[in-house]
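Written below as structure tokens is the structure these notes are about.
The values are calculated or read from the model by the stated rules, or taken from the named source; none is laboratory data. Just so it is clear, the structure is predicted and the values come from calculations on it, not from any experiment. Virtual Cβ from ideal backbone geometry, glycine too; neighbours counted across all protein chains shown.
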Amino acid sequence: MREGIDNWDLVDMSASQVAGSYLINKPELKKTWLYEKLITSGRLWDRRIAIVSTQHFINKGECEDTIKLSEILLDDKEDLIHKATGWTLREMGKFFFLRQSSRRSP
């Protein structure tokens, strides 16, 4: 099924809502798919699915997987992986900044 996902637009529009929402409450499956299948795949789209899917976790207040996967992807050779990682880390920063600062906002 992942073979048909072969560009950044398909990944970015679906990974969080499909993969992320499916994996968030399934720790064993999340470990298997994110850390053993997707992030280690030779297909850049699989690795991009892994990092972008964590945006769903971020929206639920979880950032551990985003940080771990970002560290794994630091040496990736693909520019599209670094763009997705940067985007996801920005989303994490915005989420937690707004969550904390909203308590102080007038």
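Brief remarks follow.
- Those residues of the stretch 10-37 which are hydrophobic (A, V, I, L, M, F, W, C) and either in a helix (DSSP H, G or I) or over 21 Å from L89 (Cβ atoms) (or both), in sequence order: L10, V11, M13, A15, V18, A19, L23, L29, W33, L34
- Qualifying position, being outside any helix (DSSP H, G or I), modelled with pLDDT under 95 and not β-branched (V, I, T), among G42, G61: G61
- In the stretch 2-25, the residues that are among the basic types (K, R) form Cβ pairs under 9 Å with partners that are part of a helix (DSSP H, G or I) and surrounded by 15 or more Cβ atoms within 10 Å (Cβ to Cβ), at six or more places apart or across chains, as follows: R2/L38; R2/W45; R2/D46; R2/I49.
- Set R103, R99: member being in a loop (DSSP other than H, G, I, E, B), farther than 19 Å from L34 by Cβ and free of Cβ contacts under 8 Å to residues at least 40 places away in the same chain: R103
- Filter result for the condition that a residue is touching a residue at least 60 places away in the same chain (Cβ under 8 Å), aliphatic (A, V, I, L, M) and surrounded by 13 or more Cβ atoms within 10 Å (Cβ to Cβ), over L73, L89, L80: L80
- Subset of the stretch 1-27 (residues that are among the acidic types (D, E) and either surrounded by 15 or more Cβ atoms within 10 Å (Cβ to Cβ) or at pLDDT 95 or above (or both)): D12
- Residue within the stretch 93-102 that is at pLDDT below 95 and surrounded by 15 or more Cβ atoms within 10 Å (Cβ to Cβ) present: yes
- Tabulated pairs, the stretch 32-45, first in contact (Cβ under 8 Å) with a residue 12 or more places away in the chain, second of a type in the set (S, T, N, Q), C-beta under 9 angstrom, 6+ apart or interchain: W33/S53; L34/S53; L34/T54; L38/S53; W45/N7
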